[in-house]
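Just below is one structure, and these are the notes that go with it.
The values are calculated or read from the model by the stated rules, or taken from the named source; none is laboratory data. All values reported here derive from a predicted model rather than from experimental measurement. Quick reminder, even Gly has a Cβ in these numbers, built from the backbone with ideal geometry, and neighbours come from all protein chains shown.
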Amino acid sequence: MPAKVVVVGSLNMDLVTRAQRLPRAGETLHGESFATVSGGKGANQAVASARLGAQVSMIGCVGEDAYGEQLRAALQAEQIDCQALTSVEGSSGVALIVVDDNSQNAIVIVAGANGLLTPDVVAGFDTVLMAADVIICQLEVPMQTVGYVLTRGRELGKTVILNPAPATSPLPADWYSSIDYLIPNESEASALSGLPVDSLESAELAASRLIAAGAGKVIITLGPQGSLFASGQSVEHFPAPKVKAVDTTAAGDTFVGGFAAALASGKSEAEAIRFGQVAAALSVTRAGAQPSIPSLSDVQAFKAS
Ligand code: RIB
């Protein structure tokens, strides 16, 4: 039976434009293209886990609007269990995304329905949490909901992953003891630790501070520099596979979903990190959030090549 991953988090409709460069404050630029693409960190991680071999349930909220229907249909098309996806009055979450010619992006999110994923809503789906091998959360839903899921995941004895994205400030101190794997990128690791993170050495310092705060293990994703894994006993650098980047949107989500799927299926931490890295590398070679996420056979073919 496939391993079971439960994602508690956001769904956004991404309104994506490509432009030569990102606009400066007060500036208007001509875009080169426009697309609406299913996204949101929670939904992207759910899709990544499902395409990469896990059985996935999503706990989240969509609006009672056309985007809500599309976001739900996108998950159902991946055979993701949506019994805990609640439709609420109002608009679905949206993300305004500009991608530049260097494949970098800038994103503004408007929470919409994601803001209505309260602890009470999640508590109503406790049987879904109970069925999980691995639970994943991010920070695009209310903080008290994330805190609730971490605590409940720990009570239930589940493996709990927090991808603290987006993060601009430290996490509540009492969250750390409920987190098995904390997976920030460089800027999030910096916001959480209060240290600059711009090199392997500085990432190692930040990771040890986050472990001292109580996190079980820390994986800092460093884009083309790979990932730094700190277990509390040792630190290891995993270089990233080299690819030609087209769009980095959802690369972090693909790593998290792939890592979770691999870990839940019984792979070692090192194998799960390498698996997530290959999946993330493949995702940056394609445009968009969910359309860019590779399948298990894509990852296997890349590893064999
Ligand atoms: O991580 C990428 C995601 O961030 C996008 O899909 C967008 O919706 C924002 O949530």
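For residue 301, state whether it is small (Gly, Ala, Ser) and free of Cβ contacts under 8 Å to residues at least 12 places away in the same chain.
On the way: small (Gly, Ala, Ser): yes; free of Cβ contacts under 8 Å to residues at least 12 places away in the same chain: yes.
Criteria met by residue 301.
Of all residues in the stretch 261-277, at least one satisfies being within 20 Å of residue 224 (Cα to Cα), touching a residue at least 40 places away in the same chain (Cβ under 8 Å), assigned to a helix (DSSP H, G or I) and among the polar types (S, T, N, Q). From the list 190, 202, 208, 177, the lone residue that is in contact with a helix residue (DSSP H, G or I) (Cβ under 7 Å, 6 or more places away or on another chain) and either part of a loop (DSSP other than H, G, I, E, B) or under 22 Å from residue 235 (Cβ atoms) (or both) is 190. Considering the stretch 100-113 alone, what residues qualify as being surrounded by 13 or more Cβ atoms within 10 Å (Cβ to Cβ) and within 21 Å of residue 10 (Cα to Cα)? If the condition is that a residue be surrounded by 13 or more Cβ atoms within 10 Å (Cβ to Cβ) and within 21 Å of residue 10 (Cα to Cα), then 105, 107, 109, 110, 111, 112, 113 are the ones that fit. Against the list (1) of a type in the set (A, V, I, L, M, F, W, C); (2) free of Cβ contacts under 8 Å to residues at least 40 places away in the same chain; (3) farther than 28 Å from residue 208 by Cβ; (4) surrounded by 16 or more Cβ atoms within 10 Å (Cβ to Cβ), the condition residue 156 fails is (4). Within the stretch 14-58, the set of residues being more than 16 Å from the ligand (Cβ to nearest atom), of a type in the set (A, V, I, L, M), surrounded by fewer than 24 Cβ atoms within 10 Å (Cβ to Cβ) and at pLDDT 95 or above comprises 19, 29. Please verify whether the stretch 285-292 includes one or more residues that are over 23 Å from residue 132 (Cα atoms), assigned to a loop (DSSP other than H, G, I, E, B) and without any contact (Cβ under 8 Å) to a residue 24 or more places away in the chain. No, the stretch 285-292 contains no residue that is over 23 Å from residue 132 (Cα atoms), assigned to a loop (DSSP other than H, G, I, E, B) and without any contact (Cβ under 8 Å) to a residue 24 or more places away in the chain.
Here's the yes/no breakdown for (1) within 15 Å of the chain's Cα centre (by Cα); (2) within 16 Å of the ligand (Cβ to nearest atom); (3) under 26 Å from residue 131 (Cα atoms):
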site: 213; (1), (2), (3): no, no, no
site: 216; (1), (2), (3): no, no, yes
site: 231; (1), (2), (3): no, no, no
site: 241; (1), (2), (3): no, no, no
site: 244; (1), (2), (3): no, no, no
site: 261; (1), (2), (3): yes, no, yes
site: 266; (1), (2), (3): no, no, yes
site: 282; (1), (2), (3): no, yes, no
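Here the condition is being farther than 24 Å from residue 55 by Cα, surrounded by 19 or more Cβ atoms within 10 Å (Cβ to Cβ) and not polar (S, T, N, Q); of 205, 171, it holds for 171 alone.
What is the number of the single condition among (1) buried (at least 19 other Cβ atoms within 10 Å of the Cβ); (2) touching a strand residue (DSSP E or B) at 6+ places or on another chain (Cβ under 6 Å); (3) under 30 Å from residue 32 (Cβ atoms) that residue 136 does not meet? For residue 136, the exception is condition (3).
Looking only at the stretch 161-170, how many residues end up being away from the ligand (no atom under 16 Å from the Cβ) and touching a residue at least 24 places away in the same chain (Cβ under 8 Å)?
1
Highlighted here are the strands (runs of 3 or more DSSP E) found entirely within the stretch 89-153 that include at least 3 residues which are under 25 Å from residue 16 (Cβ atoms) and within 11 Å of the ligand (Cβ to nearest atom): 93-99, 105-110.
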